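Please read the structure below before turning to the comments.
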Amino acid sequence: MTRTWRIAVVPGDGIGPEVVREGLRVLEHVARLEGIAFELTHYPFGGEHYRATQEILPDAAFEHIRTHDAVLLGAFGDPRVEPGLLEFGIVARLRFGLDLFANVRPVRLYDASLTPLKDKGPEHIDFVVVRENTEDAYAGMWGQFKRGTPDEVATQEIIFTRKGVERVLRFAFELCRARDRRRTLTLLTKANALRAMELWTRAFAEIGAEYPDVNREHQYIDAACMFVVTQPEQYDTVVTSNMFGDIFTDLGAALVGGLGLAASANLHPGRTSLFESVHGSAPQFAGQNRANPLATIMAVSMMLDSLGAKAAATRVEDAVVRVLRSGRLPNLGMDSGVGTDAVGNMVLAELERAGCEGRSDDTTPSPATR
Ligand code: IPM
Ligand code: MN
């Protein structure tokens, strides 16, 4: 019996609709090849919808979205709307509302030509970052006092809860074990200055005792920003707090081809999960059929992997990798240089080719489980 996966799709602003369109073409194609059934629900939320209706993400829509198996997001942010309103009202609302506590961001170099690092190849850069996704400064506990006066004060609380820290650490230990590579989990903190991060280092040692087969490393985030550039090969699985994870994963993305390729999975095992590119809405390219859709296509691969369609996930990833290695893309920035639909067509052609040849010989597991 085939199960029909229900996917909520929120294309959003700027280039979001165009890159999501290509992601869905790839999804439909691979579903046909693999005999998987999908049902899509499209939602109009984003800047355009907000300007027309004053609605950001109504409660009823949120409740409807959460009945799906997964959510595929495009991009959010509209220059005509106050910065942060849509990002927090839609992206953060879904992350927090669905309690998606683990943001999984693979940093994997598919081809030596894609890294700005000298003398580094695919064998040196292949790690995954697990970013805590529901706490820290993102909890929104901020305030202003005496605004606009010389005595003005602005505050924002960083919060960590035992429960929140513990569940993301456990998730990372499990992922590190499942990847089964160097079995090294690196915790990034700033416990020397942010004394509250003692909770992280203590929980890391305590929970780590349950995983004697996983080596534990602890680094300060500032030093890690240096090491990831000089010795990226030392990382296997990385776990860190929300804001450090936000920053460290942009650095990671720059090491393997940039935001044109970086995708992420927002997970809470057993619940509705959310998949998105790491890039923004790039309004300067919107509606011109220029934007690079590969990050969204990689997000589709992560979604398939998380839904348990492992073969389909690997097929999509392999097809993207073959496009990257073919040298047919002039650059990997947000401007594809060849057309959004043309990049989608290249991926479809590679999928078709692999479909005819049977499984490709690349048996690398797909991003979310690597
Ligand atoms: C990301 C983004 C978001 C974040 C923004 C848009 C709020 O930068 O997904 O990394 O900071 O989490
Ligand atoms: Mn970010």
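The values are calculated or read from the model by the stated rules, or taken from the named source; none is laboratory data. Treat the numbers as computed from the prediction; the structure is a model and nothing was measured. When we count neighbours, we look across all protein chains shown, and the Cβ atoms used for this are built from the backbone with ideal geometry, even at glycine. What goes into the accessible areas is simple: the full protein's heavy atoms, side chains included, and nothing from ligands, DNA or RNA. Shrake-Rupley method; radii C 1.70, N 1.55, O 1.52, S 1.80 Å.
Which of the residues spanning the range 61-89 are free of Cβ contacts under 8 Å to residues at least 24 places away in the same chain, open to solvent by less than 70 Å² (accessible area, probe 1.4 Å) and within 16 Å of ligand 2 (Cβ to nearest atom)?
Listed by number, the residues that qualify are Gly84, Glu87.
Every residue in the range 98-123 that is crowded, with 17+ Cβ neighbours inside 10 Å, of a type outside the set (Lys, Arg) and more than 16 Å from ligand 2 (Cβ to nearest atom), please.
Let us first name the residues in the range 98-123 that are crowded, with 17+ Cβ neighbours inside 10 Å, namely 98, 100-110, 114-115, 117, 120.
Now narrow it down to the ones that are of a type outside the set (Lys, Arg): 98, 100-104, 106-107, 109-110, 114-115, 117.
Those that are crowded, with 17+ Cβ neighbours inside 10 Å, of a type outside the set (Lys, Arg) and more than 16 Å from ligand 2 (Cβ to nearest atom): Leu98, Phe101, Leu109, Tyr110, Leu114, Thr115, Leu117.
Return the residues of the range 25-39 that are open to solvent by 60 Å² or more (accessible area, probe 1.4 Å) and in a strand (DSSP E or B); say none if nothing qualifies.
If the condition is that a residue be open to solvent by 60 Å² or more (accessible area, probe 1.4 Å) and in a strand (DSSP E or B), then Glu39 is the only one that fits.
Return the residue satisfying two criteria in turn: it lies in the range 1-24 and is more than 14 Å from Gly74 (Cβ to Cβ) and touching a residue at least 12 places away in the same chain (Cβ under 8 Å), and of such residues it is surrounded by the fewest Cβ atoms within 10 Å (Cβ to Cβ). Reasoning before the result, please.
Residues of the range 1-24 more than 14 Å from Gly74 (Cβ to Cβ): 1-6.
Okay, now just the ones that are also touching a residue at least 12 places away in the same chain (Cβ under 8 Å), so 2-6.
Values: Thr2: 7, Arg3: 11, Thr4: 10, Trp5: 20, Arg6: 15.
The residue in question is Thr2.
For Asp151, work out the one condition from (1) closer than 29 Å to Ala254 by Cβ; (2) surrounded by fewer than 13 Cβ atoms within 10 Å (Cβ to Cβ) it doesn't fulfil.
Asp151 satisfies all of (1) closer than 29 Å to Ala254 by Cβ; (2) surrounded by fewer than 13 Cβ atoms within 10 Å (Cβ to Cβ) except (1).
Under 8 Å between Cβ atoms, which residue pairs at least 6 apart in sequence (or on different chains) link something in the range 280-300 that is more than 20 Å from Asp250 (Cβ to Cβ) with a partner that is polar (S, T, N, Q) and open to solvent by less than 40 Å² (accessible area, probe 1.4 Å)?
Between residues of the range 280-300 that are more than 20 Å from Asp250 (Cβ to Cβ) and residues that are polar (S, T, N, Q) and open to solvent by less than 40 Å² (accessible area, probe 1.4 Å), the close pairs are Asn289/Thr340; Arg290/Ser336; Arg290/Thr340.
Residues Phe248, Phe244, Phe227: which one is on the phi < 0 side of the Ramachandran plot, open to solvent by less than 20 Å² (accessible area, probe 1.4 Å) and touching a helix residue (DSSP H, G or I) at 6+ places or on another chain (Cβ under 9 Å)?
Being on the phi < 0 side of the Ramachandran plot, open to solvent by less than 20 Å² (accessible area, probe 1.4 Å) and touching a helix residue (DSSP H, G or I) at 6+ places or on another chain (Cβ under 9 Å) holds for just one of Phe248, Phe244, Phe227, which is Phe248.
Would you call Ala193 more than 16 Å from ligand 2 (Cβ to nearest atom), more than 30 Å from Asp335 (Cβ to Cβ) and loosely packed, with under 15 Cβ neighbours inside 10 Å?
On the way: more than 16 Å from ligand 2 (Cβ to nearest atom): yes; more than 30 Å from Asp335 (Cβ to Cβ): yes; loosely packed, with under 15 Cβ neighbours inside 10 Å: yes.
For Ala193, the condition - more than 16 Å from ligand 2 (Cβ to nearest atom), more than 30 Å from Asp335 (Cβ to Cβ) and loosely packed, with under 15 Cβ neighbours inside 10 Å - is met.
Just for the range 170-225: of the residues that are under 22 Å from the mean Cα position of the chain (by Cα) and of a type in the set (A, V, I, L, M), which one is farthest from Gly252 (Cα to Cα)?
Ala178
Go over the candidates Arg131, Arg108 one by one and state the one that is basic (Lys, Arg), in contact with a helix residue (DSSP H, G or I) (Cβ under 9 Å, 6 or more places away or on another chain) and either under 30 Å from Ala37 (Cβ atoms) or more than 14 Å from ligand 1 (Cβ to nearest atom) (or both).
Working: Arg131 fails: either under 30 Å from Ala37 (Cβ atoms) or more than 14 Å from ligand 1 (Cβ to nearest atom) (or both).
Going through Arg131, Arg108 in turn, just one is basic (Lys, Arg), in contact with a helix residue (DSSP H, G or I) (Cβ under 9 Å, 6 or more places away or on another chain) and either under 30 Å from Ala37 (Cβ atoms) or more than 14 Å from ligand 1 (Cβ to nearest atom) (or both): Arg108.
Being within 16 Å of ligand 1 (Cβ to nearest atom), closer than 14 Å to Pro106 by Cα and open to solvent by 10 Å² or more (accessible area, probe 1.4 Å) narrows it down to one residue among Ala295, Ala262, Ala282; which is it? Let's see the steps before the verdict.
Details: Ala295 fails: open to solvent by 10 Å² or more (accessible area, probe 1.4 Å); Ala282 fails: closer than 14 Å to Pro106 by Cα.
Unique residue meeting the criteria: Ala262.
When the residues of the range 301-326 are filtered to those that are without any contact (Cβ under 8 Å) to a residue 40 or more places away in the chain and open to solvent by 20 Å² or more (accessible area, probe 1.4 Å), which remaining residue is farthest from the chain's Cα centre (by Cα)?
Ser326
Among the numbered criteria (1) part of a helix (DSSP H, G or I); (2) within 22 Å of Ala313 (Cβ to Cβ), which single criterion is violated by Ala52?
So Ala52 meets the others, but not (2).
Of all helices (runs of 4 or more DSSP H) completely enclosed by the range 234-352, which ones contain at least 1 residues that are within 16 Å of ligand 2 (Cβ to nearest atom)? Full working, then the answer.
Working: elements: 242-255, 294-307, 310-325.
Ranges flagged: 242-255, 294-307.
Can you name every residue in the range 4-19 that is assigned to a helix (DSSP H, G or I) and touching a helix residue (DSSP H, G or I) at 6+ places or on another chain (Cβ under 6 Å)? Break it down into steps so the answer makes sense when it comes.
Applying the first criterion (assigned to a helix (DSSP H, G or I)) to the range 4-19 yields 16-19.
Selection gives Glu18, Val19.
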